[in-house]
Amino acid sequence: MMNSATMLATRKPDMRNRWAVFTVVYATVWLLTWYSARVFDILGVVSLWYLPGGLRFFCLLLLGPVGLLVEVFTASVLLLLQITLSSAPAPEFGSSQSLWAIYNLIAFPLAYAVIVLPLRWYLRNKLDFARPVHSVLFLLAALGSATLAALAGTLNLVLSGAIALDQANGLFLNWLTGDFIGIVTLAPLLWVIVSPRVLHWLNRGQWQLPSTSDPQAQHARTYVNTALLVALALVLLFVTPIVFGVTQIPPMATLLLLLPLAGLTLHYGLRSAVLAIVLLDIGLVISVALLHQRQWALQYQLVMTAIALVGLWLGGAIEASRRVVVRLKDFSSISNDLLWEMDAQGLLTASGRLANELAIAPSVPWATLRKLLSRADSDALKEAASLAEPFHRLEVALQRGSGPRRWLSISGLPLWNDSGERVGYRGVASEITDALEARALLSNYNQALLTQVAQRTAELTLSNNELAIKKQQLQVLLAAAPVGVLELDSQNRCRYLNENGGKLLGLSLDDAHERDLREFIDPDDRTRVIQSLGETSAQSGVQSMEFRLHRSGSWCAAYWIKFRPLDQQIDNTIMVLVDATARHQQEQQLWKLAHHDTLTDLPNRSLFLDRCTQLFTQAKRRGVGATMLWLDLDGFKSVNDTLGHAAGDALLVLVAQRLKSRVRDGDTVARMGGDEFAIILPDTTNADGAMHIANALVDLLGHPYQLPQGVANISVSIGVALYPQDASTVDALMQQADSAMYRAKRSGKNQVQLAAQFGGNRPT
């Protein structure tokens, strides 16, 4: 089997061949008609028409711009034949004769194309003589084409010197009349009968049309009968008078040919009309030639024009009427309804599928059909018909024998004659049995549906009331709840906030609505909270986290759960906020009590050890050192003994303040117990720097102290140990610093001693 590409490649050469054949055949027919006109001129017989004009008009109307190329080709062939058959030498190129030859080649096709191509575009190549407007446009186009061609031809003959100027008017009228008759006579025949076959053959390669659109046998009989009746009419008109010795037939008598033309058209339609026009005009042309009636040429041309016009107008009207009849017959044959008509005698004629199903015979009496109805339906139908007015959708039940009852909806329209007498009725009937049964079922179903709807409405009303109560309860609970309730959409934007939540956040619901959750959280906690929310899904259950609020600075404990609304594909969040500020403050206080000295507010031994551990871990990772100072106050006991323990406590507070004022923010000062203090200095790696700081502290703490109880004078002994030179652990470094401190005391106090390295002592 050939594929589509192969079929297309095969089809294109075939189409080109068909176009070539058409062009050759058309040119041959055109040349034959042209030379036949020339023969008439040579024999001295007047030419009543110009058939090449009809061919040219048809070609351009059928093929459009392509037809113009075919016409130019045909004119070129004619020119070559004239040059070949002429005994005169061929005109030289560029001479006046050659220019006039080129003029004749293109002038006449263009004269027709100027009129026909716009007509073809306007009609969309759908010329239909059954439409009066199309017929008028065709006649106007024929007159316009003939006028331009006659003008071009007359101009050629006058300017070339072939005729004198005073002969131009007569030649122009003769040319115009001949072309016009040729067009209105031949073009309709070719368009109606030949053009469908030509187009089908050019496009499909088949001359025979589908049987549905071209009943061949019926058309063949039409053509044969038309030809026979036209021949009989011509014989009766022209031959019979000769038998009785009458040799001159007046042109007006030939108008009798309109009678057979009208009869053929009325009986056979448009196809017979266009064929009869050509045959009758052929008969007139032959009769004028044989009977030598040249002096009546113009009258015969008028008769030929009348025949063409009458045939076209009458044929178009009959064709339009037949189409209406055929359309009605088609509608009737396929209609599911019953189309009926009743005459004055009460005889009924019906058609349509329903008529066949009901087996209504032709010309059945109206009374017989009414017997199949119930008395009530029969009386209703009789009353409707007796009013002599239109009636609509009268429902009756038809019962034929023991068969099922069939319901019909009947509508009717009275018919009147010219005298105003009613001559019958015409109408339509539709079967509504299924519709009535469906209506009954629908009525029952509607009743059941109404009952169900009422029950469902009551259930929904009850459910809505319960929901309203629960909603009200929920609103009360949310308003009274000592916690904040926050609803977030999938983008973490606020959708709902209760009153307590607004107080906690420092915002009202209107202010919080559509705001991002980040705006409620302290900037330091935002990333942590949003990341935790993003890791939660609807299946994760309840999650919790504590963070600080942005506006109030308060701490809150947040508990949230993700849920997915029924109308969404992504999760929303319900978050409960609990104020945790008091608990955080309490925890911080407890932590401070556990890790700070209550008297001096300095870190105690536990916090000092923890910070030292962290510092050593960082120092080891970074490759840096640290310094520990161990301080013991000299003379503290005597202050307690002389001024009292309150003075001792006040002295310890002042010592702590002086120590904190001297160290850096990153250094840690701690009270290790009694009058002992310790300092850890990060990022110190040499003994000189450590000794400098320690000596500065000795000088600072050696100044007198103004106490409420009096002036106190003390000094300080300091031991210095370096990490990791002296020890690599916190405990070991504390022992080294403590030992160095005791050496300082034994050495006279109020001084600094370095820790022993490899068992020795560092110099001060």
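List of remarks:
- Members of the range 703-733 found to be over 19 Å from Leu659 (Cα atoms), touching a residue at least 40 places away in the same chain (Cβ under 8 Å) and in contact with a strand residue (DSSP E or B) (Cβ under 8 Å, 6 or more places away or on another chain), listed by number: Leu722, Tyr723, Gln725, Leu733
- Once the range 440-459 is narrowed to residues that are aliphatic (A, V, I, L, M) and open to solvent by less than 80 Å² (accessible area, probe 1.4 Å), the residue that is farthest from Trp407 (Cα to Cα) is Ala458.
- Lone qualifier among Leu237, Leu232 - being farther than 18 Å from Leu270 by Cβ and buried (at least 17 other Cβ atoms within 10 Å of the Cβ): Leu237
- Taken together, Trp207, Trp201, Trp175 contain a single residue that is in contact with a Gly (Cβ under 6 Å, 6 or more places away or on another chain) and open to solvent by 30 Å² or more (accessible area, probe 1.4 Å), which is Trp175.
- Within the range 300-345, the residues that satisfy the criterion of being of a type in the set (Asp, Glu) and touching a Phe, Trp or Tyr at 6+ places or on another chain (Cβ under 8 Å) are Glu319, Glu341.
- A single entry from Val303, Val274 fulfils the requirement of being open to solvent by less than 30 Å² (accessible area, probe 1.4 Å) and over 56 Å from the mean Cα position of the chain (by Cα): Val303.
Condition check ((1) touching a His at 6+ places or on another chain (Cβ under 8 Å); (2) surrounded by 17 or more Cβ atoms within 10 Å (Cβ to Cβ); (3) modelled with pLDDT of 70 or more) across all residues:
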position	(1), (2), (3)
Leu309	no, no, yes
Leu314	no, yes, yes
Asp343	no, no, yes
Leu347	no, no, yes
Glu357	no, no, no
Ala361	no, no, no
Pro365	no, no, yes
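- Qualifying residue in the range 534-549 (condition: over 19 Å from Asp579 (Cα atoms), among the β-branched types (Val, Ile, Thr) and either modelled with pLDDT of 80 or more or open to solvent by 30 Å² or more (accessible area, probe 1.4 Å) (or both)): no
- Ser638 passes every criterion in (1) buried (at least 20 other Cβ atoms within 10 Å of the Cβ); (2) of a type in the set (S, T, N, Q); (3) assigned to a helix (DSSP H, G or I) apart from (1).
- Top-ranked residue of the range 492-533 - restricted to ones that are surrounded by 17 or more Cβ atoms within 10 Å (Cβ to Cβ) and farther than 26 Å from His584 by Cα, ranked as modelled with the highest pLDDT: Cys494
- Output for the range 318-341, where each listed residue is touching a Ser or Thr at 6+ places or on another chain (Cβ under 8 Å), surrounded by 14 or more Cβ atoms within 10 Å (Cβ to Cβ) and assigned to a helix (DSSP H, G or I): Ile318, Ser332
- Subset of the range 741-764 (residues that are open to solvent by less than 30 Å² (accessible area, probe 1.4 Å), modelled with pLDDT of 90 or more and either under 17 Å from Gln725 (Cα atoms) or assigned to a helix (DSSP H, G or I) (or both)): Met741, Ala744, Gln753, Leu754
- Only helices (runs of 4 or more DSSP H) whose full extent lies in the range 217-317 are considered here, and the ones with at least 1 residues that are within 21 Å of Thr177 (Cβ to Cβ) and in contact (Cβ under 8 Å) with a residue 60 or more places away in the chain are 270-291.
- The single condition among (1) touching a residue at least 24 places away in the same chain (Cβ under 8 Å); (2) more than 23 Å from Ala755 (Cα to Cα); (3) surrounded by 13 or more Cβ atoms within 10 Å (Cβ to Cβ) that Ala646 does not meet is (3).
The values are calculated or read from the model by the stated rules, or taken from the named source; none is laboratory data. Keep in mind the model is a prediction, meaning the values are calculated, not measured. Glycine gets a Cβ as well: all are built from the backbone with ideal geometry, and neighbour counts include every protein chain shown. For accessibility, only protein heavy atoms count, side chains too; no ligands or nucleic acids. Shrake-Rupley method; radii C 1.70, N 1.55, O 1.52, S 1.80 Å.
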